[in-house]
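Trainee: Below you will find the structure I want to go over with you.
Laboratory data are not the source of any read-out in this text; all were calculated from the coordinates shown. Since this is a predicted model, take the numbers as computed values, not measurements. So basically every Cβ, Gly included, is an ideal-geometry build from the backbone, and we count neighbours across all protein chains shown.
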Amino acid sequence: MAKYAFAGNRAAVLKKMLDLGLDITCVWAVKGSYLERYLIENKINYNTYENKNDLVRQLQEADFDIFISNGLPVILPITELSKSGKMFVNIHPSLLPDLRGCDPVPGAILFGKNSGATCHIMDDGIDTGGIISQVEIPISEDIDVGLLYQISFMAEAKAFEEAYHRNFMVNTMQESKEDNIYYSFADKDLMIKLDEEESDALVRRVRAFSTKNKGARIIIKGNEYIINDAQIISNKVAISFLDEVIDSETGFFYENKVIVKNRNGYIKFTLR
């Protein structure tokens with residue numbers, strides 16, 4: 001029976017491994033992560049690491065056949081580590097090769113891309129190895145970023161299970177296309193710039209960062225506001241009245257909302 005090791009910051013894949021009755025000999029958790037809290041609550045032994053070199057040393061000393069990575073923020077020297085004959089597998093929350101990088105979930109909404117999960121062989125690149133299995137999540141208006149995170153983690157567990165039943169055999173190699181995106185979050189991505197984006201792109205930007213720890217920002221008359229939601233105004237009568245009252249610099253405030261004009265229409269922002 002194969003021996004498994006697991007490392008990362010989330011728990012759905014590890015839970016699936018436990019459900020499958022796999023022999024898990026070592027677990028590494030990112031400090032302060034949901035995975036670490038889950039392990040503590042369930043009294044499961046685990047390791048931590050100080051830095052990349054420390055983790056590599058521990059991996060070289062550990063007893064396992066297959067290493068499973070899920071949300072591990074370390075680029076491992078796979079060529080060096082795999083010389084021992086061990087297999088290294090990663091589960092990433094996107095449809096690789098699209099949306100490589102640290103933040104594919106908000107990236108899917110930001111760029112209007114379908115989402116999902118991919119289980120793939122690890123190599124020395126970033127999310128570049130051969131694909132074993134994939135689970136697709138079509139993006140739709142009813143899927144906000146918070147829900148997409150939760151569904152993506154469930155999809156990761158399903159992708160792992162499918163890969164396990166395939167004995168981790170590669171199904172296809174990754175072939176990048178011109179429209180593939182690498183996305184990692186930067187603070188500047190939160191800022192709404194009315195004169196630079198179309199209305200639908202602005203709405204996607206708000207929806208991509210609607211979690212409690214982020215929130216898109218807009219500056220009106222020197223004041224910065226955090227946005228919870230956005231909607232394009234399409235009612236023709238409402239637009240006719242708004243044309244008379246909206247100042248392009250101040251917007252139209254009521255309750256916890258503001259309506260602003262951009263280059264191709266009106267957008268209603270719900271403020272926190």
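Trainee: For the stretch 3-165, take the convex hull of the Cα atoms, compute a quarter of its surface area, and give me that in nm², please.
Mentor: Values: hull surface 36.6 nm².
Taking the Cα atoms of the stretch 3-165, their convex hull projects to 9.1 nm² on average.
Trainee: What ³J(HN,Hα) values, in whole Hz, does the Karplus curve 6.51 cos²θ - 1.76 cosθ + 1.60 give for the stretch 229-243 when θ = phi - 60°, with x put for Gly and Pro?
Mentor: 8, 8, 8, 6, 7, 10, 5, 5, 5, 4, 4, 5, 6, 4, 4
Trainee: Can you work out the Karplus-derived ³J(HN,Hα) for every residue in the stretch 137-151? Use 6.51 cos²θ - 1.76 cosθ + 1.60 with θ = phi - 60°, whole Hz, and x for glycine or proline.
Mentor: 10, x, 7, 9, 4, 7, 9, 8, 5, x, 5, 4, 4, 5, 5
Trainee: Based solely on its DSSP helices, what 222 nm [θ] is calculated for the chain when runs of n ≥ 4 H residues each add -39,500 (n - 2.57) and the sum is averaged over all residues, nearest 500 deg cm²/dmol? Please report the intermediate quantities before stating the final value.
Mentor: On the way: 8 runs with 78 residues, N = 272.
That comes out to -8500 deg cm²/dmol.
Trainee: Output the pairs from Lys158/Lys214; Lys86/Lys113; Lys52/Lys83; Lys113/Lys221 with a Cα-Cα distance over 25 Å in this structure; if there are none, say none. All intermediate terms of the calculation are to be shown ahead of the outcome.
Mentor: On the way: Lys158/Lys214 28 Å; Lys86/Lys113 34 Å; Lys52/Lys83 18 Å; Lys113/Lys221 34 Å.
In this structure, Lys158/Lys214; Lys86/Lys113; Lys113/Lys221 lie more than 25 Å apart at Cα.
Trainee: Next question. When the distances between all Cα atoms of the chain are binned every 5 Å from zero, what whole-number percent does each bin get?
Mentor: Spelled out per bin, shortest first, that is 1, 5, 12, 15, 15, 13, 10, 8, 7, 5, 4, 3, 1, 0, 0.
Trainee: While we're here: Please identify which residues in the stretch 244-272 have an amide N closer than 11 Å to a label point set 7 Å out from the Cα of Ile232, following the Cα→Cβ vector.
Mentor: 264-267
Trainee: If you don't mind, there's one more thing I want to ask. Return P(r) of the stretch 187-271 (all Cα-Cα pairs; 5 Å bins starting at 0; whole %; ordered from short to long distances).
Mentor: Here the calculated profile for the stretch 187-271 is 3, 15, 28, 28, 17, 6, 2, 0.
Trainee: Here's something else I'd like to know. Return the percentage of antiparallel bridges among DSSP beta bridges fully within the chain, rounded to the nearest 5 %. Kindly include the intermediate steps, with their values, before the conclusion.
Mentor: Values: 31 of 49 bridges.
Of the beta bridges lying entirely in the chain, close to 65 percent run antiparallel.
Trainee: Now for a separate question. For a Förster distance of 22 Å, can you work out the FRET efficiency between the beta-carbons of Ile143 and Thr270, rounded to the nearest 0.05? Don't skip to the answer; put the middle values down first.
Mentor: Working: r = 18 Å, r/R0 = 0.81.
Step by step, r from the Cβ atoms, then E = 0.80.
Trainee: Starting from the amide H of Met122, placed 1.01 Å from N in the peptide plane, find each other amide H under 5 Å away whose residue is 5 or more places distant or on another chain.
Mentor: Sorted by chain and number, the residues that satisfy this are Phe88, Val89, Asn90.
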